[in-house]
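The values are calculated or read from the model by the stated rules, or taken from the named source; none is laboratory data. Predicted model only: the values in this text are computed from it and were never measured. For neighbour counting, all protein chains shown are included, and Cβ atoms are generated from backbone atoms with ideal geometry for every residue, glycine included.
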Amino acid sequence: MQKQGYWGYIFTLPFVVNVVVFLLFPIVFSTYISFTEWDLFNAPRWIGLDNWVRVLNKHEFWVSIRNVFVFALIFVPIQTIMAFVIAFMLNQAIRAKGLFRLFYFLPVVTPWIAGGVVWVWMFNYQYGVINWALESMGLDPVKWIDSSNWLMVISSIAIVQVWKGVGQSMIMILAGMQNVPKEVLEASQIDGANGWKQLTKVVFPMVTPMVYLVMILSTISAFQAFDVFLGLFGSITTGIPERNMVPNLLVYRDAFLLFKMGPASATAWLLFVIILVFTLFQKYFEKKWVHYD
Amino acid sequence: MTKTTHPLLKVLMYLLLIVGSVFMVFPFIWMLSTSLKTVGAISQMPPQLIPNPMNWDNYVTIWNKIDFGRYTMNSFFIVSIEMVGSLVSSAFVAFGLAMFTFRLRGLIYMIMLATLMIPSQVTMIPTYFIWKEFGALNSYYPLIVPSFLGGAFGIFLMHQFIKSLPKELYESATIDGCSPPGIFFKIYLPLCKPALAALGVFTFMGAWNNTLGPLIYLQDKELYTLPLGLLYLKSENVNQALLMAGAVITTLPVVMVYLFAQKQFVQGIASTGMKG
Amino acid sequence: MSKKFSAISLMLAFMMIFSACSSSGGSTDGEASPDQSTDNKEKVTLKIGLPGSYEVTSKEIIDGFITSHPHIKVEIQEAPWGDFTSKIATQIAGNTMPDVWFQENATILSYGQRGVAEDLSSYIEADLKADEYIDGLFSAKAPDGKVWGVPHGINPIALAYNQDVFEKAGVAVPTDDWTYNDLIEASKALTVKEGDRTSQFGFIGSFSITNGWFPWIKQAGGSALDDTLTKSRFDDPKTATGLQQLYDGLDQGYFADIDFLKANGGELEVFASGKAAMYFLQYSLQVNMNESFADTNWDVVKIPKGVDGKRYVPMVANTWLVSSRAKQESKDAAWEFLKYYLSDEVQDMIVKTGSTLPVKKSALDQLKDSTTKPLNKAAFTDGIDEGGVTLDENATWSEWRILVQQVVNEIMVGNVSVEDGVKDIHTKVQEVLDSSK
């Protein structure tokens, strides 16, 4: 890195302005609101830690944290590994790779209004295509998103989220692979043991910065999961069972359906802290495996 | 070792890719085909993939229901400004974070990471207060101004990409007598093309699909964006075919931008003659 | 430079905290429109909020108001129906909300409690003759007598049946004298199995509130809340009986279940295509039936009678409210608008759209001459007359309703027994009711 530090300030100035003008006040304000009772209309009333205590004492909060934690645990590794593998395959000398790349990107642009309907149908217990396939193989049908077992529901939804997100991660890694010189790539065509070595020892290290990016972004988006749940369950008012809740659904419900901005802000900032801890954890290990240049 | 892949492995790879593709593409195809169905044919499950008869009425209905031309123009106007702002500012800030050592570097980097996690649901209302205070409600400013100040997502992406470029690049440029801005614009920006293309697609997608921002800040119907206009279709219990036609209209521009950008982020850097 | 900037921004930020928190009444001065200041004093500006735009409130009505009230300058603020909530919440917080708008009745009741809505009882007393309207006019009346709004429209349910399906099965079509037992027995007779799959169900076993669990618990003699709307009645065994009957229908396969409905395009599609013979249909859905399924041969009768021989017809209302923070002159203009909305002229227009029922008796009478399907529209109008009930709406309805729905969903798919479910619901609902005191 270069020593002329003042250039660093000049280059990062736009972002600093962004933070000071557009982010600082909303952060301060919504944190303040988390210590008050505010219905969006009357003046906020200071109630100290009440919201935080009440949220932390609520069963639904801990259920939602458990869910989003497990959701991330399933989603992040699958998404990251698949994105890398697909990007690698689609960077090979194969036919129709442009078309394949488009195909794997399509879910990213497919709106939930369409994706949700199709997945709900595929997961349908009695009439869905997945259970139809299981039954034709002589297996018992499975309750996916309507299971009474939360783990089954959360895993099923995590898979749908991979479907939705893997294309975006793939593209980031693909962009990173353009920095890998051609000769290296050619040498790493899948051709058995030697190619595998090339892949893990040469190609992978060179794209680790992008893989790290994908991991961090996937973790954050997993903890903030919202759209995928609405895509599969419809809306909050249709009564998503408590055991399938995630924090952002609770925040939305409290803030915009019940006009209880205090608990909503407390929940939201608790989630923020959890995500931050996880990201710092990942950042701590960054040096051990991410190679910059 | 020869540089060719073992044929059996190749077959396996194609097989994997094709099976995966079916899952990936199916909902999209379903959306396309439903948008062309008559009401009676919608609910057939498993669905018929090629609707018979083809019913283009849904598109005609949308055309007639909303001010299609104006909304599309508005959307393209906002999105193109946001794209320019976001691409340049993200790369600019990322270059600063990746290339220089300065005291607050670590702090700014951490803040950048942290802003990715800000709970937007509870900061939305105070952000609205800011724009109200600026007197900028019912205008495009709340939508486009922030993009010129570098968003965390873009900065992070560009930062990771720039960091994976060889260091020697910068040093050799300094020897040639370039100033840091010169190095950024002349050397790094062109080299960032693959990442910029990817970021361009994401920015376009985000800006194009943003309905919450326009919904909250725009009052005047003349200013509406296309996706916001299409939300009106959801108002009543309209049939699914019409909804899907709306979804197709929202989606297609993103697909086109993707197809355009795809060439950029896969056309290798190998031609720039970097070290091996 | 950056320091100065941040100092200014901080000051700005704290100013805004202050201004956002000061509850000082006053005017909705939000985005002061440029022409407001230059205008001559006589012209009053009225901001009308229209969720769902002219799709939900016909343009004819608004245009009629503008021409008949030249001294009022009307500004329309629209938003898509489903997304109106986020927009209006933000506007209320920013003090930029319209002077008059409408939302679900339960939301209006909570606005009343929080002070967002103006009490209209004195306006109504002065300007309206209550006996010209059905009781639904007072859907937004709180127990303390304050009226937080007037109906945009009312949506009751009736029992819709597919005549072709009944004819084919040789089962007598429903009548107004049916009880829920008749409904259950007919459903069994109308269910057709093909192998282990059911191809036709007797009735659509919806378990949402309006056309699902609420009518089922009412008919069994149960209820969600007591008459004072402060106590949960989910501990009443009759409430449990109603839920059990609905569950039995789904479990034993003569009511169409959620899997079937989802796989076949939803409730309306299943009913219209004859895959289910009967359906608790909301009045507004007749528009969709006529638009999308014009060929279906169907009609309606009143919803069946309950065990006590009485009839309970659930109805949902959308309600207009006037912002309590509007200027007095805007409030008066808003009331002008609502008076106009409740006049014969507009109420007749509402009848014609068919998307909701007006509350004026004279307008409702015109439905008798209607020739569109369903022909027996009296099933809706006489139904409300006889036993129209709201969904036990009070200020905390949105909150306890979600909690009930969460558990009812679990009961109906068989994850929780009715017995355990109602216990759970009772505790949760009572907690919400108590917390608002």
Legend entry - In the range A:248-266, the residues that are in contact (Cβ under 8 Å) with a residue 24 or more places away in the chain, within 9 Å of chain B (Cβ to nearest Cβ) and closer than 23 Å to A:Leu232 by Cα: A:Asn248, A:Tyr252
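Among the listed residues B:Phe76, B:Phe129, B:Phe102, B:Phe95, identify the single one that is among the aromatic types (Phe, Trp, Tyr), buried (at least 18 other Cβ atoms within 10 Å of the Cβ) and over 22 Å from A:Lys283 (Cα atoms). Reasoning before the result, please.
Working: B:Phe76 fails: buried (at least 18 other Cβ atoms within 10 Å of the Cβ); B:Phe102 fails: over 22 Å from A:Lys283 (Cα atoms); B:Phe95 fails: over 22 Å from A:Lys283 (Cα atoms).
Going through B:Phe76, B:Phe129, B:Phe102, B:Phe95 in turn, just one is among the aromatic types (Phe, Trp, Tyr), buried (at least 18 other Cβ atoms within 10 Å of the Cβ) and over 22 Å from A:Lys283 (Cα atoms): B:Phe129.
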Inset, instruction - Among the residues of the range A:22-78, write down those that are buried (at least 22 other Cβ atoms within 10 Å of the Cβ), away from every other protein chain (no Cβ under 14 Å) and either of a type in the set (S, T, N, Q) or over 23 Å from A:Ala222 (Cβ atoms) (or both). - result: A:Asn67
Inset, instruction - Give just the number: which of (1) within 7 Å of another protein chain (Cβ to nearest Cβ); (2) at pLDDT 90 or above does A:Tyr292 not satisfy? - result: (2)
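Quick grid of which residues meet (1) part of a helix (DSSP H, G or I); (2) under 19 Å from the mean Cα position of the chain (by Cα):
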site	(1), (2)
C:Glu75	no, no
C:Ile88	yes, yes
C:Gln91	yes, no
C:Thr96	no, no
C:Phe102	no, yes
C:Ser122	yes, no
C:Ala126	yes, no
Inset, instruction - Give me a count of the residues in the range B:58-83 that are hydrophobic (A, V, I, L, M, F, W, C), assigned to a helix (DSSP H, G or I) and over 12 Å from B:Tyr140 (Cβ atoms). - result: 7
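Residues checked against (1) farther than 30 Å from A:Asn42 by Cα; (2) surrounded by fewer than 21 Cβ atoms within 10 Å (Cβ to Cβ); (3) at pLDDT 95 or above:
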site	(1), (2), (3)
C:Trp335	no, yes, yes
C:Tyr340	yes, yes, yes
C:Leu364	yes, no, no
C:Val389	yes, yes, no
C:Ser417	yes, yes, yes
C:Val422	yes, no, yes
C:Ser435	no, yes, no
Inset, instruction - Answer yes or no: is there a residue in the range B:148-159 that is at pLDDT 95 or above and surrounded by fewer than 21 Cβ atoms within 10 Å (Cβ to Cβ). - result: yes
Inset, instruction - Determine whether B:Ser90 is within 11 Å of chain A (Cβ to nearest Cβ), modelled with pLDDT under 95, surrounded by 19 or more Cβ atoms within 10 Å (Cβ to Cβ) and within 26 Å of the chain's Cα centre (by Cα). - result: no
Legend entry - Conditions (1) at pLDDT 95 or above; (2) within 24 Å of C:Ala294 (Cα to Cα); number of the one not met by C:Ser199: (1)
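Please verify whether A:Tyr9 is on the phi < 0 side of the Ramachandran plot, in a helix (DSSP H, G or I) and more than 7 Å from chain B (Cβ to nearest Cβ), treating the condition exactly as stated. I'd like the intermediate steps shown before the answer.
Numbers: on the phi < 0 side of the Ramachandran plot: yes; in a helix (DSSP H, G or I): yes; more than 7 Å from chain B (Cβ to nearest Cβ): no.
Spelling it out, it is not the case that A:Tyr9 is on the phi < 0 side of the Ramachandran plot, in a helix (DSSP H, G or I) and more than 7 Å from chain B (Cβ to nearest Cβ).
Being over 22 Å from B:Gln240 (Cβ atoms), assigned to a helix (DSSP H, G or I), of a type in the set (A, V, I, L, M) and more than 14 Å from chain C (Cβ to nearest Cβ): is that true of A:Ile154 here? Give the derivation first.
Values: over 22 Å from B:Gln240 (Cβ atoms): yes; assigned to a helix (DSSP H, G or I): yes; of a type in the set (A, V, I, L, M): yes; more than 14 Å from chain C (Cβ to nearest Cβ): yes.
Here the answer is yes, as A:Ile154 does meet what is asked.
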Inset, instruction - For the range B:72-82, state whether one or more residues are within 7 Å of chain A (Cβ to nearest Cβ), touching a helix residue (DSSP H, G or I) at 6+ places or on another chain (Cβ under 8 Å) and more than 28 Å from A:Ala255 (Cβ to Cβ). - result: no
Inset, instruction - Scan the range C:214-222 and give yes if some residue there is in contact with a Pro (Cβ under 8 Å, 6 or more places away or on another chain) and among the hydrophobic types (A, V, I, L, M, F, W, C), otherwise no. - result: yes
Inset, instruction - Taking C:Thr356 as the residue in question, decide whether it is crowded, with 20+ Cβ neighbours inside 10 Å, closer than 30 Å to C:Ala224 by Cα and either over 23 Å from the mean Cα position of the chain (by Cα) or outside the structural domain of C:Asp119 (by TED's automatic domain parsing) (or both). - result: no
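Listed residues C:Thr198, C:Thr175; which is touching a Gly at 6+ places or on another chain (Cβ under 7 Å) and outside the structural domain of C:Val100 (by TED's automatic domain parsing)? Break it down into steps so the answer makes sense when it comes.
Working: C:Thr175 fails: touching a Gly at 6+ places or on another chain (Cβ under 7 Å).
On inspection, the qualifying residue turns out to be C:Thr198.
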